[in-house]
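Accompanying notes for the structure given below.
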Amino acid sequence: MKTIFTTVLFMGIFCHAFAQNLDLKSMRQLNYSTMTINYQLGNQLIIYSKNVQNLRDFQNLDSVLVAFQKNYASIKPALNENTNSKRANYLLLANGQNQLTWNENINAQQRFQFSKVGEPILVKTVQDTLVIASQKFEIGEEKALIPEKQNFLPSVYYVLIVNNLDDINMILKSGGLNQKIQQCLLDIEQYPHHNLQRIGFRYVLSYTQDSNKPIFKTVETELSPFLAFHQTFGVGVFRNQLAPNSQTEVAFVPSKYHNVGYTLGWRSMFWTSQDEQTGRWRTNSNGVLQAGVTFYDFKRGPTVRVDTDHVLFGIYLGRVMTYRGGIFERNTWNLSMTVSARGIVKIQPEVYFNGFFSRNVMPGLRVQVGF
């Protein structure tokens with residue numbers, strides 16, 4: 001009979017197994033802070049928390065693991081022992097009961113270890129995942145299941161990655177997980193640059209194996225407003241004349257997770273004309289100050305954030321500010337839109353007018369290239 005045992009896994013194997021077992025997309029969209037604690041043999045505890053207070057309210061993880069062991073032991077005889085990766089979703093229900101949902105992913109490969117004596121040994125090369133959450137942190141209607149596609153949004157997730165679910169007993173005997181969770185809370189409280197205990201901050205905290213030194217990354221506010229800069233060059237058609245231009249814009253985007261930017265920009269337009277007396281050609285310019293809103297796309301992939309390199313639509317109102325030999329009258333306004341964008345090319349129809357569309361309404365079209 002084949003013997004199954006768990007090997008010491010490299011981090012590359014761990015990352016592959018974890019990516020298959022857990023879809024983190026919803027957690028990243030909901031701005032969870034992330035705490036990662038690395039243990040021996042490639043085991044990891046990953047904590048997703050909405051804020052520090054929720055973590056304080058749900059920090060006694062060892063008692064939950066003890067309860068899980070009892071529930072898991074009762075169903076284990078009905079499970080087949082194999083080398084597949086397992087995911088256990090353990091939900092602490094509001095009525096005091098617990099619910100265990102079991103998923104199993106078939107391993108794409110089987111690895112055998114041979115020795116000079118004895119039978120071949122079948123090696124497990126993927127890790128198991130235990131997801132723990134409590135229904136008392138739920139938002140909205142109650143749901144009985146954990147899967148992320150449902151409207152179950154606890155404020156704290158515990159994701160324990162182990163080589164085998166049977167190793168949980170070894171983790172408890174070696175000191176458990178509560179001490180590390182308390183260390184996280186202490187390091188968050190003592191963070192020197194910001195008050196991370198205040199609601200609204202999001203951060204990534206990690207600990208290397210056998211180390212209590214905190215490593216903070218991506219400390220930011222929950223919304224994380226930022227400025228997006230755009231520089232484009234193009235050519236427009238106005239009064240049957242080509243007008244090259246350069247345009248610089250800055251957009252204030254209130255959140256990395258929303259796709260609207262409030263834009264302020266300056267466009268320099270250049271014209272050529274011939275002096276009737278001397279016959280010489282000269283270059284004239286006009287400057288347009290404009291303000292408006294820009295709608296961006298979202299990046300696809302594991303993180304869904306605004307993609308300011310991809311404009312979906314924009315509308316801007318501007319005023320001609322400089323008249324160096326230009327062809328515009330005083331008090332000329334401009335209304336323009338970005339209606340199509342393919343890569344770095346943008347199509348922008350526009351209209352010029354004096355006053356509030358009172359007279360001299362003149363349409364135009366520009367093609368811009370750049371980011």
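Laboratory data are not the source of any read-out in this text; all were calculated from the coordinates shown. From a predicted model like this one, the values you see are computed outputs, not experimental measurements. Please note: Cβ atoms are built from the backbone with ideal geometry, for glycine as well, and neighbour counts cover all protein chains shown.
Observations
- Pairs beyond 20 Å (Cα-Cα), from Lys50/Lys217; Lys124/Lys180; Lys180/Lys213: Lys124/Lys180
- Sorted by Cβ neighbour density within 10 Å, fewest at the top, the residues Val162, Val235: Val235, Val162
- Amide H to amide H, with H built 1.01 Å from N, Ser255 comes under 5 Å of Phe226, counting only residues 5 or more places away or on other chains.
- The peptide list 94-102, 183-191, 291-299, put in order of mean Cβ contacts within 10 Å with the highest first, becomes 291-299, 183-191, 94-102.
- Residues Thr248, Thr218, Thr278, sorted so that the one with the fewest Cβ neighbours within 10 Å comes first: Thr278, Thr218, Thr248
- Put in order of Cβ neighbour count within 10 Å, fewest first, the listed residues Leu160, Leu45 become Leu45, Leu160.
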